[in-house]
Amino acid sequence: MTQVINPSTGSVLTSVPSFGLEETDAAIERAQWAFPGWRAVAPGERARLLRRFAAVVEEHIDELADLEVRNAGHTIGNARWEAGNVRDVLNYYAGAPERLIGKQIPVPGGLDVTFHEPLGVVGIIVPWNFPMPIAGWGFAPALAAGNTVVLKPAELTPLTAIRLGELALEAGLPEDVFQIVPGKGSVVGRRFVTHPAVRKVCFTGSTDVGKSIMAGCADQVKRVTLELGGKSSNIVFADADLEKAAASAPSSVFDNAGQDCCARSRLLVQESVYDKFLALLEPAVKAFRVADPSDASAEMGPLISAAHRDTVASYVSDADVGFVGNAPTGDGWWFPPTVLLAHSRDDRHWREEVFGPVLSVLPFKDEDDAVRLANDTEYGLSGSLWTRDLGRALRVSRAVETGALSVNSHSSVRYWTPFGGMKQSGLGRELGPDALHGFTDVKNVFLASGE
C-alpha cells in the first residue's frame, strides 16, 4: 500500500494499493483479452459509450475536483476546470470513431484503400502535476480508436485516476477495456515498456525518464508519445501593451505553483522598457493570492511534497532575488511566488527547469537577440510573445523553436488543437485531430479488378 498525502497540510489522506509485477501482468493480459471485443464494437456504439463516460464525469465534477484539491493541492477553480477538461476531451473524441476514415488512392488494375487499425493495448503513464487532464489526453483518443488502455497514475496523486476508472465502468465501458494500475514507476511503468502485449506507451514527465522509456521501447520497436520538460519563454517587446503583459505574467508561471511543463519561467523583456516592466510586475506578483486551495479566491496552492519544496528552494538560495510574493506559513509545502534577476544565460535558474513558482528575468536588445535567447535551451514546449507588430509576431512565432506559442496571451492547451514539444521537450502530439492517428496503424489494401 502507498500512503497519499495532502500537500496543504502534510497529513495522510488515505492509502491505495501498489501493484507488483504479477498484478501488472494480469492487468495487461486482461486488456489484451478485451481488445478484440472492444475493437469490434460498432463505431456508433463506441461513440455512444464515450459520450456516456463524458456525461458521468460531468455528474461527478465537484467530487473529482475535491479529490484533486486534497490530493494534489490544486486550487478549486483549477481542479474544476481539469475535471471539465476530461469531460470535454471525451466528448471531442466521441466524434472520432465514426470519422476515422481512410483514403481511396487511384491505382491501375484495381481499387486501393487505407484503414486506420487500432494498435492493441496502450500503456499510459501520468505525472503528478496534472493527474486528470493528462490522463484524459491519453485514454480518450486511445479508446476512441479502438484500443484498450492500462493507465498508471503517479504514486503521489492516484485518487482521481482511480475514480475515473470506476466512472468508466459506471458509464458502461466493458470490463478490462480501461484499467487503472497504481504502483511504482520502476515496476508498473517499466512493465508497460517491457511487456510485448503493450503496443504503445504514452509518458508525461521528466526528460531523463522519457529518454529511458524511449530506449526501452526501441527494443520492441514500440511506439511512444513523450511530453517532457520545458523551459518556456515569455518575450515582451517594447511596443507591447506592458500593463496587460505584466498583469498576466504571474499566472503564466505561478499557476499550479509553477509545476507545469508549459510555465513561462523565463521572462525576456526588451531592455528599453526593462525597468518599467519590472515596476509593473512587482505589484502583480505580490497580489498573486497563495492560499488554502479549497478557497475559491486562491490563485495558487502548495507544492506537491516537502522534498520538491527543498529542490525549488535550492534554486533561490544563491540567486539575485528581485522580489517575492506571499504564501502561508505552517503545515503544508508552501513556497512564495519568487522573481529572480538573471545576469547571464548561464545562471542555473535560467537554464534548468525549476518546476516551481520561480520566474527568471533577463533583458534583451532586439528581435534577433530575443529569438537567440529563447532558443538557447534544450527544451521547446511552449511560450508567449507580446507585441503590437503583426509582422514581428509572425516572424518571431516561426523563429522560436517550440511546439506551442501564443501571441499576446498565455494559452498552451486547447483540446481541439495539437499539443506537444520540439527538441527534448517530447515526441508526438496530443489533443486535436492529430492525436487520434497516433493510436492507429495505417493498413493499405489493394483489391485487383481482374481483366
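Checking the cross-link filter: which aspartates and glutamates have an alpha carbon closer than 12 Å to that of residue 184, excluding same-chain neighbours under 8 positions apart? Excluding near neighbours in sequence, the set is 155. Counted by Cβ distance under 13 Å from residue 271, the other residues give a net charge of -2, where Lys and Arg count +1 and Asp and Glu count -1. Charged neighbours of residue 8, selected by a Cβ distance under 15 Å, balance to -3 (K, R count +1; D, E count -1).
Going by Cα centres, the stretch 397-451 and the stretch 190-254 are how many Å apart? First find each Cα centre; the distance between them is then 14 Å. A straight line joining the Cα centroids of the stretch 33-73 and the stretch 263-323 runs 35 Å.
Taking only protein heavy atoms and a 1.4 Å probe, what accessible area per residue, in Å², does the stretch 313-451 have with all protein chains in place?
Numbers: 6710 Å² over 139 residues.
Per-residue value: 48 Å².
Packing, taken as the mean count of other beta carbons within 10 Å per residue, orders the peptides 241-253, 213-225 from highest to lowest as 241-253, 213-225. Across the stretch 295-451, the mean sequence separation of Cα contacts (distance under 8 Å, 6 or more residues apart), normalised by length, yields a relative contact order of 14 percent. Distance from the alpha carbon centroid of the stretch 113-165 to that of the stretch 360-387 works out to 33 angstrom. Among the listed values (i) 1.02; (ii) 1.36; (iii) 0.98, the one matching Cα Rg over 2.2 N^0.38 Å as calculated from this structure is (i).
When the Cα positions of 251, 56, 3 are compared along the charge dipole of the chain, 56 comes out farthest toward the positive end, with charges on each C-beta of Lys, Arg, Asp and Glu. The peptide list 123-134, 285-296, put in order of mean Cβ contacts within 10 Å with the highest first, becomes 123-134, 285-296. Overall size of the stretch 170-247 from C-alpha positions, given as principal axis extents largest first: 55, 37, 22 Å. Computed packing ranks the peptides 172-180, 260-268, 321-329 as 260-268, 172-180, 321-329, most packed first, by mean other Cβ atoms within 10 Å.
Each label was represented as a point 7 Å from its Cα along the Cα-to-Cβ direction; for residue 40 and residue 372 these points are 6.4 nm apart. In order along the stretch 172-184, the Karplus-derived 3J(HN,Hα) couplings, from 6.51 cos²θ - 1.76 cosθ + 1.60 at θ = phi - 60°, round to x, 4, x, 3, 6, 6, 9, 10, 9, 10, x, x, 6 Hz, and Gly and Pro are given as x. Ellipticity at 222 nm from helices only: DSSP H runs of n ≥ 4 in the chain, each -39500 (n - 2.57), divided by the residue count, give -12500 deg cm²/dmol.
Considering only protein heavy atoms and a 1.4 Å probe, what is the carbon-and-sulfur percentage of the accessible area of the chain?
Whole-percent figure for carbon plus sulfur exposure: 52.
Using θ = phi - 60° in the Karplus curve 6.51 cos²θ - 1.76 cosθ + 1.60, the 3J(HN,Hα) couplings for the stretch 386-395 round to 10, 6, 9, 8, 4, x, 4, 4, 5, 4 Hz; x is entered for Gly and Pro. For residue 340, nonlocal amide neighbours, meaning residues 5 or more places apart or on other chains whose placed amide H falls under 5 Å from its own, are 322, 359, 360, 361. Other residues lying with their Cβ under 10 Å from the Cβ of residue 79 contribute a combined charge of -2, Lys and Arg counting +1, Asp and Glu -1.
If I take every Cα pair under 8 Å that is 6 or more residues apart in the chain, average their sequence separation and divide by the length, what percent do I get for the relative contact order? Here the relative contact order equals 19 percent.
Here, P(r) means the percent of Cα pairs in each 5 Å bin from 0 to the largest distance; for the stretch 239-290 it is 4, 20, 30, 24, 14, 6, 1.
Residue-wise HN-Hα couplings along the stretch 223-237, as the Karplus relation 6.51 cos²θ - 1.76 cosθ + 1.60 with θ = phi - 60° gives them from phi, are 5, 9, 10, 10, 10, 10, x, x, 8, 7, 9, 10, 9, 10, 8 Hz; Gly and Pro carry x. Give me the tail of P(r) for the stretch 15-77 as a percent: Cα-Cα pairs with distance above 19 Å. Percentage above 19 Å: 62. Applying 1/(1 + (r/R0)^6) with r as the Cβ-Cβ distance of residue 323 and residue 244 and R0 = 22 angstrom yields a FRET efficiency of 0.65.
The values are calculated or read from the model by the stated rules, or taken from the named source; none is laboratory data. The shown structure was predicted, so the numbers you read here are calculated from the model rather than taken from an experiment. Using ideal geometry, Cβ is built from the backbone for each residue, glycine included, and neighbour counts are taken over all protein chains shown. What goes into the accessible areas is simple: the full protein's heavy atoms, side chains included, and nothing from ligands, DNA or RNA. Shrake-Rupley method; radii C 1.70, N 1.55, O 1.52, S 1.80 Å.
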